[in-house]
Amino acid sequence: MPSMLRGAQMVKAANKRKVAHGDTSKIPRASYQSATRVQPQPPTNHPVTDRSDGKRLSPRKVNLDCLDSSSEFIAAGTFGKCFLSKYLGFRVVTKEVASYALAQAEAKILESLPDHRSLPYLFGITPPSKDPPLLVMKFHGEIGRPLTLHEVIHEGSPAIGRQNWKAVLADIVSAVSTVHKSGYLHNDIKSNNILLEKTDDDQYKAVLIDFGKSRTISAPKKYNLDANQRDHYRKTFKHIAPELLKGHPQSFQSDTFSLGMVFKLVASKVECMKDLKELSKACTSTDPKRGHLCMKSESVFRLPNKLNVL
Ligand SMILES: Nc1ncnc2c1ncn2[C@@H]1O[C@H](COP(=O)(O)OP(=O)(O)OP(=O)(O)O)[C@@H](O)[C@H]1O
Ligand SMILES: [Mg+2]
């Protein structure tokens, strides 16, 4: 058999093995979707055991002996708290998650994403014996405290110049498009879930965090809200695309809508970025005929070019 042909068959067989073990990484989206139609995914509380071939099933476990016992509270999330700690000497955030199944689900998504300067780096999750379960991630922030985009915008400090703002926005767009290209939706893009961090060249970079609501594009969530709830969500969670409140499934467009709301916030609060308003409108526009679906919103993949011409 010619060696190239054999190579292709081996790759195919390796991918089949990955799907059988619930590992969706490195499998192109199209083949992942067709594979999952035939082979259902294991439930999220699938027990984490070693595979018969001796390889580890994701998500990776941290070694509790290497995690500092002292930790400092830094933020409270919806479900649990986040602490600043050290793992193997690296500064890390430990995020409490409500259940082991949820910790596994969030960790699996983070592990499926490629390494990226604007996506969180996960060291692993704690073993099932640890209650509450923790996600252990690289810490992004300034002198021991995280700096969210929300804080920077509302406190007007630190001062960030226009070129750096453009780089920060490009980071966010690049993070979202990497998530999408990997076959996932983030589903919670907002200024609280974007961290800013100073780099060695004294510029700020952005990191998109919080994959607690993320899902594969093939399994989007549909909200089922009554009129009162819809009204409450519309007023409280302005970053959620309007069509989702009407029961349409989460989509690339609904993430693009949320991204547009981040642009809108920056445009309205940062003097030197007022011209971002047009792009924010393009991302959040609704289809006038249908009146609800953001069919006309910009594809996130075209946004880098649009940011360049600002
Ligand atoms: N890798 C990190 N580096 C620094 N700080 C972080 C990191 N991850 C999370 N944090 C801090 O912890 C906060 C809560 O984290 P996260 O948003 O992931 O939790 P959550 O429970 O899903 O929160 P919520 O639902 O309120 O958005 C963040 O806003 C941030 O201040
Ligand atoms: Mg959050």
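The values are calculated or read from the model by the stated rules, or taken from the named source; none is laboratory data. All of these numbers come straight from a predicted model, not from anything done at the bench. Note that we place each Cβ from the backbone using ideal geometry, even for glycine, and neighbour counts take in every protein chain shown.
At a glance:
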item: Matching residues in segment 156-193 - criterion: being of a type in the set (S, T, N, Q), farther than 18 Å from GLU106 by Cα and within 15 Å of ligand 1 (Cβ to nearest atom); result: SER191
item: Residue check for LEU195: of a type outside the set (Lys, Arg), under 15 Å from LEU113 (Cβ atoms) and part of a strand (DSSP E or B); result: no
item: Cβ pairs under 6 Å, 6+ apart, first in segment 73-102 and closer than 13 Å to VAL62 by Cα and away from ligand 2 (no atom under 16 Å from the Cβ), second outside any strand (DSSP E or B) and not charged (D, E, K, R); result: TYR87/CYS66; LEU88/CYS66; VAL92/PHE139
item: Criterion violated by ILE189 - all others in (1) in contact with a Lys or Arg (Cβ under 7 Å, 6 or more places away or on another chain); (2) within 15 Å of ligand 2 (Cβ to nearest atom); (3) of a type in the set (A, V, I, L, M) satisfied; result: (1)
item: Selection count where residues are acidic (Asp, Glu) and away from ligand 2 (no atom under 14 Å from the Cβ), scope segment 103-117; result: 2
item: Checklist (1) charged (D, E, K, R); (2) in contact with a strand residue (DSSP E or B) (Cβ under 6 Å, 6 or more places away or on another chain); (3) more than 23 Å from VAL97 (Cβ to Cβ) applied to ARG162, failing item; result: (2)
item: Matching residues in segment 234-283 - criterion: being hydroxyl-bearing (Ser, Thr, Tyr) and surrounded by fewer than 17 Cβ atoms within 10 Å (Cβ to Cβ); result: THR236, SER268
item: So ASN187, is it assigned to a loop (DSSP other than H, G, I, E, B), modelled with pLDDT of 95 or more and either in contact with a Ser or Thr (Cβ under 7 Å, 6 or more places away or on another chain) or small (Gly, Ala, Ser) (or both); result: yes
item: Criterion violated by SER218 - all others in (1) of a type outside the set (Val, Ile, Thr); (2) more than 16 Å from ligand 1 (Cβ to nearest atom); (3) outside any loop (DSSP other than H, G, I, E, B); (4) more than 12 Å from the chain's Cα centre (by Cα) satisfied; result: (3)
item: Residues of segment 196-215 that turn out to be over 12 Å from the mean Cα position of the chain (by Cα) and without any contact (Cβ under 8 Å) to a residue 60 or more places away in the chain, as a count; result: 9
item: Residue, surrounded by the most Cβ atoms within 10 Å (Cβ to Cβ), within segment 145-176, restricted to residues that are modelled with pLDDT of 95 or more and of a type in the set (Ser, Thr, Tyr); result: SER174
item: Residue match in segment 221-236 (condition: aromatic (Phe, Trp, Tyr), more than 15 Å from ligand 2 (Cβ to nearest atom), free of Cβ contacts under 8 Å to residues at least 40 places away in the same chain and under 27 Å from LYS269 (Cα atoms)); result: yes
item: Pairs where the first residue, in segment 162-183, is in contact (Cβ under 8 Å) with a residue 60 or more places away in the chain and closer than 14 Å to VAL207 by Cα and the second is part of a helix (DSSP H, G or I) and of a type in the set (Gly, Ala, Ser), C-beta under 9 Å, 6+ apart; result: VAL176/SER258
item: So ASP210, is it in a helix (DSSP H, G or I), of a type in the set (D, E, K, R) and either crowded, with 17+ Cβ neighbours inside 10 Å or modelled with pLDDT of 95 or more (or both); result: no
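Each row is one residue, and each column tells you yes or no for (1) over 30 Å from SER174 (Cβ atoms); (2) modelled with pLDDT of 95 or more; (3) more than 22 Å from the chain's Cα centre (by Cα).
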position	(1), (2), (3)
VAL48	yes, no, yes
VAL62	no, yes, no
LEU67	yes, yes, yes
ALA105	no, yes, no
SER112	no, yes, no
LEU122	no, yes, no
VAL136	no, yes, no
ILE143	no, no, yes
